[in-house]
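Trainee: First, the structure itself, so that you have it in front of you.
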């Protein structure tokens, strides 16, 4: 087996690997009730001539405003949204505003999570009040500073675009006031602006990180470098619980540039001077795996496990009314979705350097706060000695919330005594687990003599993300809320309902995926509602609207999307429309897909019209782009996405057999944002759930064939 294994001082290699194994698939997040950022002190090292009334904000005498962002940037625009919220309440000159990534500190805890982490489309809605209060407090202090200097009442002054303005047009720049402002007490509950007075929020705004990404100066995780680092590539366990039973270490070490071979609980790593040498060394290992209990995992076994969970399902997710004795019409259907990979464009990576009793990592991670505690356990150091440098993420989608790549990089550095940059090959990531769960649902509905549903029963079988997470617990009801979200709380008025959940665990590790349970459950319920409309001989849009009498926001986005798509007018020749609506993460999205189906069964999505009610908005430009990106992501899954298993191993390995949407396949996407006074909702994920059912319903309109499984089976659409 492996040699060149260095025993670190103060810890046995066995204890390190045991801890790493326990944390890789089931870890404990060190949650803490963090300080409110507006009351927290400025970070250590802040220059003395800087006005830093809280952790979010710094103003220097040259009028520069720096906003510190505690969330990870993975393309969703938080490095612009957080500064916009602070700058709005500060009344800053936007041209003087810049942004920095925050260190790990409880001051930057996500209020909805209780930890510093990014996910669940929470950044804007979680920070809507605290970061605005941070800006408002600073504005109030700057006005008070001017009032003190000018010896006038603060009520006679106002702030505007980086200046405090007094009677007769007297002005003082924020920069000129920082010394005095820094001596004043920080207001605890500063007044926030009324929406009608916003001049930054709600306006389309260019992103602060775009220029650096365009000119190449932006630093993603994979760009991190330190002198003397080794590059690691791992032969990763093909399924949870698998262990290497044999590998050719000598052949790996014969590759020029290879320095070490190290066995970890998650696989066998090759450390080399560069990536290509490490990759060649990893391939030369020719690892033979003991697949353990899942050696016979196959699609048939997965299907059998789901069927058994459906038969055994007893956990009640929703129950209303009573089942009627009889009904005019009864409809039954079964829907399926497969496991899915996240397929982030930037491969997973982490640079770790363990030096004595300290750990430093550079990574694009969604969970930098938890990483402190986790990596402290891995390296057997105190969490305060773990420094996390959060770099840009080339796609996250939930995958980079998992700790596996940071754990393994830290272990490799601790054992080797060198800084180690671990890089997953595309094949490693595709086969390393952490999948969107497979799911199956069986529907039964009864229609009354008016064609309206009087009864709905849905039984869901799916693995549990809550159980897999390591930091959540399935409640005593037995219902994993993520497995039924979007279905158990669907918006339609149906008097008698029963939604059941049956946990199915075929074996693969599951994880959060963009829009989580909504990603499949919107496909299920919106396709089935379309079936009910067809059975009732009703227009799919009008049928939905009639069932949404208690959901005005859902009705509004449906009506807006349909109007903008021209629902009442004929589609272009050979094109057909389908519609779907979903609420997720506090946001309502309706999408109308315009689709054609060729004689060979090929599906082409020509246009998607989306209407979005995400409550009060920060940057409409970001909202539109997130819906566009969510459509790409959801269409890729609907048309192509599938992780399948044979003989205990994943069959897919790269984009040749796990395709994503190409540029020439991209539909035109029109996004329409509802003007709303509601509290902000999320935007990173809500555009994904409606796209698959909208396309499925358009396919039915085009062909009369109902596709009840993803990805769509184009062979079933071929004309004879």
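The values are calculated or read from the model by the stated rules, or taken from the named source; none is laboratory data. Being a predicted model, the structure only gives us computed values, none of them experimental. Neighbour counts are summed over all protein chains in view; Cβ atoms, including those assigned to glycine, are modelled from backbone coordinates with ideal geometry.
Trainee: Can you tell which of 520, 497 is farther than 30 Å from residue 281 by Cα, touching a residue at least 24 places away in the same chain (Cβ under 8 Å) and outside any helix (DSSP H, G or I)?
Mentor: Working: 520 fails: outside any helix (DSSP H, G or I).
Within the list 520, 497, the selection yields 497.
Trainee: Follow-up. Those residues that are surrounded by fewer than 19 Cβ atoms within 10 Å (Cβ to Cβ) and under 33 Å from the mean Cα position of the chain (by Cα), I need them from segment 266-278; list them, please. Talk me through it step by step, then tell me what you get.
Mentor: Within segment 266-278, the first condition is being surrounded by fewer than 19 Cβ atoms within 10 Å (Cβ to Cβ), and the residues that meet it are 273-276.
274, 275, 276, listed by residue number.
Trainee: Moving on. Does at least one position in segment 83-94 carry a residue that is buried (at least 21 other Cβ atoms within 10 Å of the Cβ), modelled with pLDDT of 95 or more and not in a helix (DSSP H, G or I)?
Mentor: Residues of segment 83-94 that are buried (at least 21 other Cβ atoms within 10 Å of the Cβ), as a first pass: 83-92.
Cutting the leftovers down to modelled with pLDDT of 95 or more gives us 83-92.
Pick out the ones that are also not in a helix (DSSP H, G or I) and you get 91-92.
Yes - at least one qualifying residue is present in segment 83-94.
Trainee: Right, here's the next one. From the residues in segment 466-481 that are touching a helix residue (DSSP H, G or I) at 6+ places or on another chain (Cβ under 9 Å) and buried (at least 22 other Cβ atoms within 10 Å of the Cβ), which one is nearest to residue 402 (Cα to Cα)?
Mentor: Among them, the one singled out is 468.
Trainee: Check segment 563-578 and report whether any residue there is at pLDDT 95 or above, under 24 Å from residue 76 (Cα atoms), part of a loop (DSSP other than H, G, I, E, B) and in contact with a helix residue (DSSP H, G or I) (Cβ under 7 Å, 6 or more places away or on another chain). If you could, list the steps in order and put the result at the bottom.
Mentor: If we filter segment 563-578 for residues that are at pLDDT 95 or above, which is where we start, we get 563-578.
Restricting the remaining residues to those that are under 24 Å from residue 76 (Cα atoms) gives none.
No, because not a single residue in segment 563-578 is at pLDDT 95 or above, under 24 Å from residue 76 (Cα atoms), part of a loop (DSSP other than H, G, I, E, B) and in contact with a helix residue (DSSP H, G or I) (Cβ under 7 Å, 6 or more places away or on another chain).
Trainee: Okay, next question. Filter segment 268-294 down to the residues that are under 22 Å from residue 243 (Cβ atoms), part of a strand (DSSP E or B) and in contact (Cβ under 8 Å) with a residue 40 or more places away in the chain and list them by number.
Mentor: 268, 269, 271, 288, 289, 290
Trainee: Looking at 624, 716, which one is assigned to a helix (DSSP H, G or I), under 20 Å from residue 579 (Cα atoms) and touching a residue at least 12 places away in the same chain (Cβ under 8 Å)?
Mentor: Working: 716 fails: under 20 Å from residue 579 (Cα atoms).
Result: 624 is the single residue among 624, 716 that is assigned to a helix (DSSP H, G or I), under 20 Å from residue 579 (Cα atoms) and touching a residue at least 12 places away in the same chain (Cβ under 8 Å).
Trainee: Here are some residues: 177, 157, 142, 184. Which one is surrounded by fewer than 19 Cβ atoms within 10 Å (Cβ to Cβ) and in contact with a helix residue (DSSP H, G or I) (Cβ under 6 Å, 6 or more places away or on another chain)? Walk me through how you get there before you give the answer.
Mentor: Values: 177 fails: surrounded by fewer than 19 Cβ atoms within 10 Å (Cβ to Cβ); 157 fails: surrounded by fewer than 19 Cβ atoms within 10 Å (Cβ to Cβ); 142 fails: surrounded by fewer than 19 Cβ atoms within 10 Å (Cβ to Cβ).
Selected residue: 184, the only one of 177, 157, 142, 184 that is surrounded by fewer than 19 Cβ atoms within 10 Å (Cβ to Cβ) and in contact with a helix residue (DSSP H, G or I) (Cβ under 6 Å, 6 or more places away or on another chain).
Trainee: Let me ask something else about it. So which of 306, 297 is at pLDDT 95 or above, more than 30 Å from residue 108 (Cα to Cα) and not in a loop (DSSP other than H, G, I, E, B)?
Mentor: Working: 297 fails: not in a loop (DSSP other than H, G, I, E, B).
Among 306, 297, only 306 is at pLDDT 95 or above, more than 30 Å from residue 108 (Cα to Cα) and not in a loop (DSSP other than H, G, I, E, B).
Trainee: Right, here's the next one. Which one of these does residue 443 not meet: (1) within 26 Å of residue 221 (Cα to Cα); (2) surrounded by 20 or more Cβ atoms within 10 Å (Cβ to Cβ)?
Mentor: (1)
Trainee: While we're here: Is one or more of the residues making up segment 49-64 part of a loop (DSSP other than H, G, I, E, B) and modelled with pLDDT under 95? Lay out the reasoning, then the answer.
Mentor: Of all residues in segment 49-64, those part of a loop (DSSP other than H, G, I, E, B) come to 49-50, 55-56, 60-64.
Subsequent filtering for residues that are modelled with pLDDT under 95 retains 49-50.
Yes, that holds for at least one residue.
Trainee: (1) surrounded by 21 or more Cβ atoms within 10 Å (Cβ to Cβ); (2) out of contact with any strand residue (DSSP E or B) (no Cβ under 7 Å at 6 or more places or on another chain): which one isn't true of residue 451, the others all being true?
Mentor: Going through the list (1) surrounded by 21 or more Cβ atoms within 10 Å (Cβ to Cβ); (2) out of contact with any strand residue (DSSP E or B) (no Cβ under 7 Å at 6 or more places or on another chain), residue 451 breaks only (1).
Trainee: Also: From the list 354, 255, which one is surrounded by 14 or more Cβ atoms within 10 Å (Cβ to Cβ) and over 28 Å from residue 402 (Cβ atoms)? Before the answer, list the steps.
Mentor: Details: 354 fails: over 28 Å from residue 402 (Cβ atoms).
The unique qualifying residue is 255.
Table: residues versus (1) closer than 25 Å to residue 650 by Cβ; (2) in contact with a helix residue (DSSP H, G or I) (Cβ under 6 Å, 6 or more places away or on another chain).
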| site | (1), (2) |
| --- | --- |
| 238 | yes, no |
| 255 | no, yes |
| 290 | yes, no |
| 296 | yes, no |
| 305 | yes, no |
| 313 | no, no |
| 321 | no, no |
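Trainee: Kindly provide the set of residues from segment 332-372 that are within 22 Å of the chain's Cα centre (by Cα), assigned to a strand (DSSP E or B) and within 30 Å of residue 530 (Cα to Cα), ordered by number.
Mentor: 337, 339, 340
Trainee: Within segment 314-324, is even one residue outside any helix (DSSP H, G or I), in contact (Cβ under 8 Å) with a residue 12 or more places away in the chain and buried (at least 18 other Cβ atoms within 10 Å of the Cβ)? Give the steps one after another, and end with the answer.
Mentor: Let us first name the residues in segment 314-324 that are outside any helix (DSSP H, G or I), namely 314-324.
Among the residues that remain, those that are also in contact (Cβ under 8 Å) with a residue 12 or more places away in the chain are: 314-324.
Filter once more, so that each one left must be buried (at least 18 other Cβ atoms within 10 Å of the Cβ): 315, 317.
Yes: one or more hits.
Trainee: State the number of residues belonging to segment 670-689 that are in contact with a strand residue (DSSP E or B) (Cβ under 6 Å, 6 or more places away or on another chain) and surrounded by fewer than 22 Cβ atoms within 10 Å (Cβ to Cβ).
Mentor: 5
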